Structure formats: structure tokens, C-alpha cells
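Participant: Please see the structure below; I have some questions.
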Amino acid sequence: MNIEDIESNWAMFEKLCKRISDQNINLMIDALGERLSVSPASTRTDQYNAHPGGLVKHSLDVTSNLRSMNDAHNLNLPIRSIILVGLLHDIGKVGDLNSDHFIPQDSDWHREKLGQMFKYNENLNKMSVSHRSLFLLQSFHVKLTQDEWIAIQLASGPHFEENRFYVGHEPTLALALQQAKSLTVHQFKNSNS
């Protein structure tokens, strides 16, 4: 991804965040800005968007797919909720308030043999991405509805032990976000194969 794409995606991300009309989200985006704009979405090239700006690209794609699903299936989800959870469900991948979650891989062997361009920052407390996302949102006093909170918590799917409790009782927003995220990853892999 080139610098123009990163800047264009960031401009769209900021524009959509402002559409939510939540001053606390705007403060969070301002505080995390540069780190968020260049954060990758994953660590390895065989995964999705493992490059600078990958997290914002992924979040925009998930939001687009979520909006399309809402329209196609008449889910009647609030546009505010679609934008909020679509853009911010993985914001924990930026890291915590001060340090990045993903840092550049310093091992030539890992980069060349495994395609691991980034590695996890071992100086951060261990947290799941959804928990770190919810932590960041609460750190900036972003108010979530119950459905938005559950959707972000369950964004990575029901296969995680922490999410199994919710199986069969997920709100529509959570199910739609999971499907939009899965579809986005599938589309990325198909376009790069």
C-alpha cells in the first residue's frame, strides 16, 4: 500500500468517524491518529492487510460489507452502530494508549521464510483484541449500546472460549459484524491468490 492510499483511507476513516457525531470518538481518533493510520491489521503476508495502513483499510472494508449486508437483508441496524462497530471493532490492534500492538519484525529469517512482517509487542499486557478495543473505547469515554458492546466483544467469532457464552443469543449487530468481517477476510484472500 502506498502513502497516497494510506492517506486516502485515513481521510475516509476520519470522515466516517465524524459522522457518528461523538466528541469522545473524535478525541480518541485525534489521540491515536498517526499510530492508527499506519497500524497493520495482522502480522504475516499470508494473513490480511499485514502492511502499514492495513488496519484502517480492513476496518473500512468491514464497514462497507456491513452496510451492504444491512441493506440487502433489511436488518434495520442503526447506521451509527454500523459505522461505529465496523470502524472500531479491531481498534485494539493499534495497541494501548502509548505502545503499538504490532511492531516491525527484526528477524530476517521470520520475514523471508514466514512472511512475518510484524510481531506482537511483548511489552504490552496480554489482552485479546476485542478486550483491548473495549479498553481503548472506555478510556476515551465512548458510550456503547449493549448491542455495540457485544458486537465488538464477539467480532472475532464464537470459537474463542470467552465468546462461547453468547452463542445462540447474539444480537443481530454482532452476527452481522462477524459475517462482514469474515467476508472481508475472504475477499482479501481471494483477491491476493
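Read the figures in this text as sums done on the coordinates, not as results from a lab. As the structure is a prediction and not an experimental result, all values here were calculated from the model. Note: ideal-geometry Cβ built from the backbone for every residue, glycine included; neighbour counts use all protein chains shown.
Participant: Work out the FRET efficiency for ASN192 and SER8 from their Cβ-Cβ distance, taking R0 = 25 Å, and round it to the nearest 0.05.
Facilitator: Values: r = 20 Å, r/R0 = 0.79.
That pair, ASN192 with SER8, gives E of 0.80.
Participant: May I ask for the net charge around ASP46, where only other residues with Cβ less than 14 Å from the Cβ of ASP46 are counted and Lys, Arg are +1 while Asp, Glu are -1? Could the numbers behind the result be given before it?
Facilitator: Details: positive: ARG44, ARG111, LYS113, LYS189; negative: GLU112.
That sum, taken over residues with Cβ under 14 Å, equals +3.
Participant: Alpha carbons only, please: Rg and Dmax for region 49-105, in angstrom.
Facilitator: When restricted to Cα atoms, region 49-105 yields Rg and Dmax of 13.7, 44 Å.
Participant: What is the Rg over Rh value, at two decimals, for region 88-189, using alpha-carbon atoms and the Kirkwood definition of Rh? Write down the numbers at each step before the final one.
Facilitator: Details: Rg = 15.4 Å, Rh = 15.1 Å.
Using only Cα positions, Rg/Rh for region 88-189 is 1.02.
Participant: How big, in percent, is the set of alpha carbon pairs in region 3-191 lying more than 28 Å apart? Please list the in-between numbers first.
Facilitator: Values: 3624 of 17766 pairs.
For region 3-191, the fraction of Cα-Cα distances above 28 Å is 20 percent.
Participant: Taking the simple approach of a point 7 Å from Cα along Cα-to-Cβ for both ALA31 and GLU112, what is their distance in nm?
Facilitator: 4.2
Participant: How much length is gained if the chain between ASN121 and HIS159 is pulled fully straight, taking 0.36 nm per residue apart and subtracting their Cα-Cα distance, in nm to one decimal? Don't skip to the end; give the middle numbers.
Facilitator: Details: separation 38, 0.36 × 38 = 13.68 nm, distance 2.41 nm.
Stretched fully, the ASN121-HIS159 segment lengthens by 11.3 nm.
Participant: Contour minus end-to-end for LYS18 and THR172, with contour as 0.36 nm per residue of separation and end-to-end as the Cα-Cα distance? If you can, show how the numbers build up before the last one.
Facilitator: Values: separation 154, 0.36 × 154 = 55.44 nm, distance 2.43 nm.
Fully extending the segment from LYS18 to THR172 adds 53.0 nm.
Participant: Per q in 0.15, 0.16, 0.18 1/Å, what log10 I(q)/I(0) does a Debye calculation on the alpha-carbon atoms of region 17-92 return?
Facilitator: For region 17-92 at q = 0.15, 0.16, 0.18 Å⁻¹, log10 I(q)/I(0) is -0.56, -0.62, -0.76.
Participant: In degrees, nearest 10, range 0 to 90: what is the angle between the Cα axis of helix 172-191 and the longest Cα principal axis of the chain?
Facilitator: Result, in degrees: 30.
Participant: Along the Cα→Cβ direction, 7 angstrom out, place labels at ASN76 and ASP46. What is the inter-label distance in nm?
Facilitator: Rounded to a tenth, the inter-label distance reads 4.5 nm.
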